[in-house]
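The values are calculated or read from the model by the stated rules, or taken from the named source; none is laboratory data. Nothing here was measured: the structure is a model prediction, and the numbers come from that model. Here the Cβ positions follow ideal geometry from the backbone for every residue, glycine too, while neighbour counts run over all protein chains shown.
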Amino acid sequence: MPANLPHNPLTDILFEQAKDFVGLYDVALGWFTHVNPAGYQLLGYPSAQALYNDPVRSLRSQQLTPDEWVQLRDRVLQTGHYEMEAELRRQDGTTFWATLDINTLTLEDHLYFLVRVTDAERLRVAERSLTQSVGRFEAVFAHATIGIIVCNRQGDIVLANEKAQQLFHYPAGTLTGQRIEVLVPEAVSHRHEHLRASFNANPQVRAMGHNRDLLARRHDGSVFPVEISLSYFHLEEELFVVAYIIDITFKKETERELIDQRQRVEKLNAELEQKVTDRTHALTTTLAQLEKRSEELGKALAAEQELGELKSRFVSMASHEFRTPLTAVLTSTALIEKYPGADQQDKRVKHLQRIRTSVNHLNDILEEFLSVGRIEEGRVVAHPVALDVVTLFNDTVADVQGLLKTGQTISQQVQCNTLVWLDPSLLRKIVVNLLSNALKYSGENSVVTLHAHCQANQLTVQVQDQGVGISKEDQEHLFERFFRARNVTNVPGTGLGLYIIASYLELMGGSIALHSELGVGTTVTLTIPYENHSAN
């Protein structure tokens, strides 16, 4: 049970109203008996009672062993006070670092520990950030490719990087404590003191020696041309001046060497900035790589699933499409044997025609398979030539006349009075495929319309039928391999036609659009860019 603390204003201020965790730990009981509101809220408990009833009875993320607890208890009892840092847990299992201030307290002859917990997580984060910032500064400062010297207001050198010591030929560490005037040629050293005083009075970021050459003095007294830029900062109200120094000896030799030097410095600065960026974003890069690996695995799995679906579609389609013509061939072959007489030639011819039709159908199926293979292997290439579109479309319509059902007609409206630069073979195969589909999926006495016109170096072809139409759901998958709409599964087909058309159009730089309504019909529109052959 919670200890009964005497209530008075001082107790409320020091205990109940404290902003940090303050609690009484009953040494004999081995747990807290009184915790202030800020305390149980810090640990994520809804109430002090919830903390008292916690069966874990430990604030630490890693509980102390019995021996460790005895050692801690004895240390506190011996000194009366103990301070430590530890990783504590909240009720929800999250952890944070805190400072524990433990004092012994006796109330009514009963021994307690008065425990104060201060959240140190922000301090630890700040310390880590400061350590990283200092480390980055030291890395940039020490490994910079130019000389960097920091002076105080009096002109004493307080910092000099390795490059600066190399430029002035000073042994390591010997520049610190020197006056900055030791690096200035003797002839102008007295004037430099006045310039330094002027800069201290009005510090600003600028380059030295505007429109004049600057010389610096080495440890041995020799001089060399330099470029110097000045910057400054204040630390605890003290002014410090930063000089960035570049030896430009070779720059003065030729203009070409000047260009090369600038490129080298820019490259080195870029590499340095990249290194700093890489270190700062190391964790981000790692996470991005993990996400990329996950995405690649997802794509591989999706590709494998797609391959499995394609195999299933192919097996289903092939078993159906091959069985029907092969059955017709076997049936017609068996029937031909029953008509040996010369007077039965017409019956034999009828079944021979069925065999030819079935064999041609099988050849068409195999040709579609071979076309897909050639496309995916990159062996199909567009070969544009000067082409008369009207003649090609007339020949194409004539080729599909044998596919017309009873009463079916093809209405042709082609307006293209100039030669165009396109591949006639690919265009012919595309139009034949579209007309075949339109006739196949349209009923008797229907009209299939073929529109085409040339305008602004673009051939537009439109094939419209009055067939069964395609549902919205199926339209999303029409250009996938082996896909067939659900309402035409009883009509022979491989599901490769539109896939081949789209592939041919891609080779020709064209596009395809489709509009369809169930029971009304389908309109397919092709747009193919071309060059005007006569203009070339």
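Taking the criterion of being in the same structural domain as LEU159 (by TED's automatic domain parsing) and in contact with a Gly (Cβ under 8 Å, 6 or more places away or on another chain), would at least one residue in region 231-240 satisfy it? Break it down stepwise before answering.
Residues of region 231-240 that are in the same structural domain as LEU159 (by TED's automatic domain parsing), as a first pass: 231-240.
Imposing the further condition that a residue be in contact with a Gly (Cβ under 8 Å, 6 or more places away or on another chain) reduces the set to none.
The answer is no, given that none of the residues of region 231-240 is in the same structural domain as LEU159 (by TED's automatic domain parsing) and in contact with a Gly (Cβ under 8 Å, 6 or more places away or on another chain).
Somewhere in region 179-196, is a residue within 16 Å of ILE146 (Cα to Cα), in contact (Cβ under 8 Å) with a residue 12 or more places away in the chain and surrounded by 10 or more Cβ atoms within 10 Å (Cβ to Cβ)? Yes, that holds for at least one residue.
Starting from region 415-433, take each residue that is surrounded by 21 or more Cβ atoms within 10 Å (Cβ to Cβ) and list its partners that are hydroxyl-bearing (Ser, Thr, Tyr), counting only C-beta distances under 7 angstrom and pairs at least six apart or across chains. These pairs meet every condition: VAL420/TYR530; LEU422/TYR530; LEU426/TYR504; ILE430/TYR504; VAL431/THR396. Hey, any hits in region 190-202 for a residue that's in contact with a strand residue (DSSP E or B) (Cβ under 9 Å, 6 or more places away or on another chain) and of a type outside the set (D, E, K, R)? Yes, because at least one residue in region 190-202 is in contact with a strand residue (DSSP E or B) (Cβ under 9 Å, 6 or more places away or on another chain) and of a type outside the set (D, E, K, R).
In region 85-105 there is no residue that is more than 45 Å from the chain's Cα centre (by Cα) and either surrounded by fewer than 14 Cβ atoms within 10 Å (Cβ to Cβ) or not assigned by TED's automatic domain parsing to the domain that holds THR33 (or both). All conditions in (1) closer than 22 Å to VAL226 by Cα; (2) at pLDDT 80 or above; (3) part of a helix (DSSP H, G or I) hold for GLN289, with the sole exception of (1).
Just to verify a result, which residue in region 259-295, among those that are under 20 Å from LYS163 (Cα atoms) and basic (Lys, Arg), is nearest to the chain's Cα centre (by Cα)? Once the filter is applied, the top-ranked residue is LYS275.
The set of residues in region 164-178 being free of Cβ contacts under 8 Å to residues at least 24 places away in the same chain and either buried (at least 17 other Cβ atoms within 10 Å of the Cβ) or part of a helix (DSSP H, G or I) (or both) consists of GLN165, GLN166, GLN178. If the Cβ limit is 6 Å and pairs must be 6+ apart or interchain, which residue in region 249-273 that is part of a helix (DSSP H, G or I) pairs with which residue that is at pLDDT below 80 and acidic (Asp, Glu)? Pairs found: PHE250/GLU257.
Exactly one residue out of SER294, SER316 is surrounded by 11 or more Cβ atoms within 10 Å (Cβ to Cβ), among the small types (Gly, Ala, Ser) and either at pLDDT below 80 or assigned by TED's automatic domain parsing to the domain that holds PRO225 (or both), and it is SER316. Counting residues in region 206-213 that are closer than 24 Å to GLN263 by Cβ, of a type in the set (A, V, I, L, M) and assigned to a strand (DSSP E or B) gives one or more.
Among the residues of region 181-189, is any among the hydroxyl-bearing types (Ser, Thr, Tyr) and touching a strand residue (DSSP E or B) at 6+ places or on another chain (Cβ under 9 Å)? Lay out the reasoning, then the answer.
Taking region 181-189 first, the residues among the hydroxyl-bearing types (Ser, Thr, Tyr) are 189.
After this cut, where a residue has to be touching a strand residue (DSSP E or B) at 6+ places or on another chain (Cβ under 9 Å) as well, the list is 189.
Yes, the conditions are met somewhere in region 181-189.
Screening THR406 with (1) more than 22 Å from HIS515 (Cβ to Cβ); (2) within 46 Å of the chain's Cα centre (by Cα); (3) among the hydroxyl-bearing types (Ser, Thr, Tyr) gives one miss only, at (2). Just to be sure I understand the filter: pairs with C-beta atoms under 8 Å, separated by 6 or more residues or on different chains, first member in region 68-96 and touching a residue at least 24 places away in the same chain (Cβ under 8 Å), second member of a type in the set (Asp, Glu) and not in a loop (DSSP other than H, G, I, E, B). Which pairs pass? What qualifies is THR95/GLU87; PHE96/GLU87; PHE96/ASP119; PHE96/GLU121.
Working only within region 34-72, note down all residues that are of a type in the set (Lys, Arg) and either in contact with a Leu (Cβ under 7 Å, 6 or more places away or on another chain) or buried (at least 17 other Cβ atoms within 10 Å of the Cβ) (or both). Full working, then the answer.
Residues of region 34-72 that are of a type in the set (Lys, Arg), as a first pass: 57, 60.
Passing the criteria: only ARG60.
Under the condition of being within 22 Å of LEU518 (Cα to Cα) and not in a helix (DSSP H, G or I), the residues counted in region 421-450 number 10. The listed residues are THR460, THR418, and the only one of them that is assigned to a loop (DSSP other than H, G, I, E, B) and in contact with a His (Cβ under 9 Å, 6 or more places away or on another chain) turns out to be THR418.
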